[in-house]
Structure formats: structure tokens, C-alpha cells
Amino acid sequence: MAKIAWIERDKRKRATVAKYAALRAELKAKKDYAALAKLPRDASPVRLTNRCKVSGRRRSYLRKFSVSRLTFREMALRGLIPGVTKASW
């Protein structure tokens, strides 16, 4: 489980990116890179990371299911993800 502070920091970054999205697009269209550099660092969408919806883990994130590989395995074994079964041959 990720620390609550990390998850809250990620939420704050997402809010900052959403707040400055229109302004960033406008400055990029004008090619005003000096003004773009004066925006907060967290206003850049590049600084966002995908996190597991269940545990908050940021490594080994599966985009299709929005969870980490560990959470995916646990949920799949319990049958919580429809259409996913353990492979056997």
C-alpha cells in the first residue's frame, strides 16, 4: 500500500495539470516558451504517473485494468475481473 501522502500528492498534481491545461495550450500555440517556463512545474502533464486504483502502487501498472500487477493477480485469482482466468495447459 502506498503512503497516503504520495496518493494525495498525485491528486494535487492532477488538479494542477487540469487547472493550467488551457493556458498551457494557449502559450504553446503562441510559442511563448518564456511564459510557459514560468508556470508551476506540476502544471506539466509529463509529471503525472499512473497509480493503482486499489493499492496506490506506481510501478508495474497495467493500463487496461488500472491496477498494478500484484493487485491484478489477486483480483484475477479471486474471480473479481470478468473474463480473466489463470492459464493452464
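All of the numbers you see were taken from the coordinates with simple rules; none came from a lab. Quick caveat: nothing in here was measured; it's all calculated off a predicted structure. Ideal geometry is used to build each Cβ from the backbone, glycine not excepted, and the neighbour counts take in all protein chains shown.
Checking each residue in the range 8-59 for being under 30 Å from PHE72 (Cα atoms), more than 12 Å from the chain's Cα centre (by Cα) and either in contact (Cβ under 8 Å) with a residue 60 or more places away in the chain or not in a helix (DSSP H, G or I) (or both) picks out SER44, VAL54, SER55. Comparison of ALA22, ALA43, ALA29 shows that the only residue that is among the small types (Gly, Ala, Ser) and touching a Phe, Trp or Tyr at 6+ places or on another chain (Cβ under 9 Å) is ALA43.
Within the range 62-89, being of a type in the set (Gly, Ala, Ser) and assigned to a helix (DSSP H, G or I) holds for one residue alone: ALA76.
Among the residues making up the range 39-89, those that are surrounded by 13 or more Cβ atoms within 10 Å (Cβ to Cβ) and of a type in the set (Phe, Trp, Tyr) are TYR61, PHE65, PHE72. Within the range 1-15, the set of residues being over 14 Å from VAL54 (Cα atoms) and of a type in the set (Lys, Arg) comprises ARG9, LYS11, ARG12, LYS13, ARG14.
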